[in-house]
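Below is one structure; the comments refer to it alone.
Only the coordinates and a few stated rules stand behind these numbers; no lab work does. It should be emphasised that the depicted structure is a prediction, and the values quoted were computed from it without experimental measurement. Backbone-built Cβ (ideal geometry, glycine too); neighbour counts: all protein chains shown.
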């Protein structure tokens, strides 16, 4: 069992470390540049090339039923779910087989709106809040328990 982290703009790395240490689960932080990590035997850094989607490709290739993936990237979440992984958004909301189709469709619609909106302010996701951090901690803990049980 392991946690794979899409490190691009991940606001919950410290929370991941705490939960992983409590459950004695290894964590791989995947990034396209060196990141400083706490010195702990359960933590490792996987630096990939700076090519387009290199981190996503690495994570998707390693994801399996014994993996918990944390990411805010909907397309990566879809790929990891198809590989059997448990996937949690950085805001603590799980990506599931039942929700990923709508998330992918909404992402495509928003991308189209942003591309065609020269003067409109479509915006991006809402700002990260304290409630998101708390929800993430609970979701990661619950996901690790489920994966340990094999369900």
Inset, instruction - Fewest Cβ neighbours within 10 Å first, please rank 3, 100 accordingly. - result: 100, 3
Inset, instruction - State the Cα centre-to-centre distance between segment 58-98 and segment 1-57 in whole Å. - result: 14 Å
Inset, instruction - Give me the distance in nm between label points sitting 7 Å out from Cα along the Cα-to-Cβ direction at residue 131 and residue 44, one decimal. - result: 3.8 nm
Legend entry - residue 21 paired with residue 37, simple spin-label distance in nm, labels 7 Å along Cα-to-beta-carbon: 1.4 nm
Inset, instruction - Could I have the simple spin-label model distance between residue 66 and residue 149, label points 7 Å from Cα toward Cβ, reported in nm to one decimal? - result: 2.0 nm
Legend entry - Percentage relative contact order, segment 1-111, counting C-alpha pairs under 8 Å, at least six apart: 23 percent
Inset, instruction - Order by neighbour count: 18, 130, fewest other Cβ atoms within 10 Å first, most last. - result: 130, 18
Inset, instruction - Could you list 40, 23 in order of exposure, starting from the residue whose Cβ has the fewest other Cβ atoms within 10 Å? - result: 40, 23
Inset, instruction - Let me know the shape class of segment 11-86, please: from the alpha-carbon gyration tensor, a ≥ b ≥ c as square roots of the eigenvalues, rounded when a/c is under 1.5, otherwise prolate if a/b is greater than b/c, or oblate. - result: oblate
